[in-house]
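The values are calculated or read from the model by the stated rules, or taken from the named source; none is laboratory data. Please read these numbers as outputs of a predicted model, since none were measured by experiment. Because the Cβ atoms are built from the backbone with ideal geometry, glycine has one as well, and the counts that use them run over all protein chains shown. Note: accessible area is taken over every heavy atom of the protein model, side chains too, but ligands, DNA and RNA are not part of it. Shrake-Rupley method; radii C 1.70, N 1.55, O 1.52, S 1.80 Å.
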Amino acid sequence: MNALSKAEVVVDAPARAAAPSPIPRLPDGRWHPLEIVFWLLPVASWFLFPQYLVLTSQIMIVGLFALSLDLILGYAGIVSLGHAAFFGLGAYTAGLLSVHGWGEPVTGLLAGAVVAGIFGWIVSFLVVRGQDLTRLMVTLGIGLMLFEAANKASWLTGGVDGLSGMMVGNLLGVFEFDLEGKTGFVYSYVVLFLVFLVLRRLVASPFGLGLRGIREGGRRMPAIGADVNRRLRAVFTVGAVVAGIAGALLAQTTQFVGLDMLGFPRSAELLIMLVLGGTGRLYGALIGTAVFMIAQDKIAGINPTYWQFWIGLLLVCIVLFAKGGIVGGCAALMERRRERKEAK
């Protein structure tokens with residue numbers, strides 16, 4: 001090999017070594033065609049499955065609740081087993097306002113968000129002080145205490161009998177909540193979509209990217225000047241606000257608030273839905289909720305006694321064979337398909 005060939009090898013070697021490392025893509029805010037199709041599915045269900053409007057409304061409301069947990073767990077890495085506390089606070093706030101004569105839906109929804117947000121902001125100072133296990137126990141303990149407080153204050157909450165006698169007014173003063181669930185369906189869809197737009201913008205912002213940095217390496221973030229605890233308190237408060245909105249929305253569409261809205265099983269089910277769909281993706285929360293609730297409805301109709309066995313089996317299969325949940329598994333398959341096309 002002559003001197004010129006040796007020089008070419010030396011020059012080309014660093015270029016070949018650097019070529020395989022692509023620059024990571026940042027969120028650009030553009031809508032993918034699959035996202036548009038996803039948001040058209042509820043509209044299609046209105047015409048194709050009118051007998052399931054109430055179930056679809058429930059799925060959208062619980063999906064909104066799951067988004068609130070995904071925000072703090074999937075993006076900020078805060079593990080919570082007491083997230084139902086904020087859901088129940090929003091529900092009881094809207095319910096109590098309605099019982100005592102204030103039945104206007106939109107302002108009741110905002111009131112539930114404010115109360116849950118204030119409580120979430122207070123709790124956030126306790127949650128961010130510890131690590132995963134500490135946060136788990138703190139959120140679980142707060143949820144249990146709030147549940148028992150609501151149970152004891154039966155004169156206010158109705159206790160185990162629930163809060164009944166709600167009189168929710170017409171939506172925007174025009175649309176009455178009907179037994180078929182048409183108004184509740186549109187109301188839930190619009191609220192879910194608007195909140196999703198806000199959260200989608202939030203997680204793609206520098207604040208959202210900072211949350212991902214905290215999740216992946218919280219000890220390194222202060223080195224670039226990021227106030228980790230302040231960001232965690234902020235996102236925990238936002239998560240509580242969204243959970244409060246979901247709780248108030250459920251209370252208004254069903255016109256009933258039960259003690260189970262504050263219970264631990266609701267927080268545990270929510271975590272299952274999020275694991276099924278995939279954390280840290282937003283759409284994973286919505287898809288996981290839909291899969292869980294539809295499977296629960298169908299399997300319980302076939303076998304009312306042992307339906308939890310099949311739900312557990314579904315969860316085990318998803319965890320073992322679809323890394324990152326349903327959305328994560330689909331994303332991995334699409335990535336492999338793209339790589340194969342490029343290889344050809």
Handout entry: Residue match in the range 260-269 (condition: hydrophobic (A, V, I, L, M, F, W, C) and part of a loop (DSSP other than H, G, I, E, B))
Key = no
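Within the range 165-194, track down each residue that is loosely packed, with under 13 Cβ neighbours inside 10 Å and not in a loop (DSSP other than H, G, I, E, B).
If the condition is that a residue be loosely packed, with under 13 Cβ neighbours inside 10 Å and not in a loop (DSSP other than H, G, I, E, B), then Val190, Leu194 are the ones that fit.
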Completion exercise
Those residues of the range 76-114 that are open to solvent by 10 Å² or more (accessible area, probe 1.4 Å) and of a type in the set (Phe, Trp, Tyr) come to a total of 2
Practice task
Would you check which residues across the range 262-294 are free of Cβ contacts under 8 Å to residues at least 60 places away in the same chain and within 30 Å of Gly159 (Cα to Cα) and list them?
Solution key: Pro265, Glu269, Ile272, Phe292
Exercise for the section: Could you grab me the full set of residues in the range 168-195 that are out of contact with any helix residue (DSSP H, G or I) (no Cβ under 8 Å at 6 or more places or on another chain), under 19 Å from Tyr52 (Cβ atoms) and at pLDDT 80 or above? Expected result: Thr183, Val186, Val190
Exercise for the section: Tell me which of these Ser57 doesn't satisfy, since it passes every other one: (1) under 21 Å from the mean Cα position of the chain (by Cα); (2) polar (S, T, N, Q); (3) surrounded by fewer than 23 Cβ atoms within 10 Å (Cβ to Cβ). Expected result: (3)
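Residue check: is Ala322 small (Gly, Ala, Ser), out of contact with any helix residue (DSSP H, G or I) (no Cβ under 9 Å at 6 or more places or on another chain) and closer than 17 Å to Tyr283 by Cα? Steps first, answer last, please.
Numbers: small (Gly, Ala, Ser): yes; out of contact with any helix residue (DSSP H, G or I) (no Cβ under 9 Å at 6 or more places or on another chain): no; closer than 17 Å to Tyr283 by Cα: yes.
Spelling it out, it is not the case that Ala322 is small (Gly, Ala, Ser), out of contact with any helix residue (DSSP H, G or I) (no Cβ under 9 Å at 6 or more places or on another chain) and closer than 17 Å to Tyr283 by Cα.
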Problem - Lone qualifier among Ala331, Ala290, Ala300 - being closer than 25 Å to Val198 by Cβ, at pLDDT below 85 and surrounded by 14 or more Cβ atoms within 10 Å (Cβ to Cβ) - result: Ala331
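Rundown of residues vs (1) touching a helix residue (DSSP H, G or I) at 6+ places or on another chain (Cβ under 7 Å); (2) at pLDDT 50 or above, yes/no style:
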position	(1), (2)
Glu8	no, no
Pro22	no, no
Arg25	no, yes
Gly29	yes, yes
Leu34	no, yes
Val37	no, yes
Leu48	no, yes
Thr56	yes, yes
Completion exercise
Turns out the helices (runs of 4 or more DSSP H) fully within the range 270-344 with at least 1 residues that are farther than 26 Å from Gln58 by Cα are 307-321, 325-343
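With respect to Leu197, is the statement that it is out of contact with any strand residue (DSSP E or B) (no Cβ under 7 Å at 6 or more places or on another chain) and assigned to a helix (DSSP H, G or I) true?
Details: out of contact with any strand residue (DSSP E or B) (no Cβ under 7 Å at 6 or more places or on another chain): yes; assigned to a helix (DSSP H, G or I): yes.
In short, yes.
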Fill in the blank from the handout: Residue hits (the range 78-110; in contact (Cβ under 8 Å) with a residue 24 or more places away in the chain, farther than 19 Å from Gly143 by Cβ and within 20 Å of the chain's Cα centre (by Cα)) are Leu109
Practice task
Looking at (1) of a type outside the set (A, V, I, L, M, F, W, C); (2) part of a helix (DSSP H, G or I); (3) farther than 30 Å from Thr183 by Cα, find the lone condition where Gly112 falls short.
Solution key: (3)
Exercise for the section: Please specify each residue of the range 111-157 satisfying the condition of being under 21 Å from the mean Cα position of the chain (by Cα) and of a type in the set (Phe, Trp, Tyr). Expected result: Phe119, Trp121
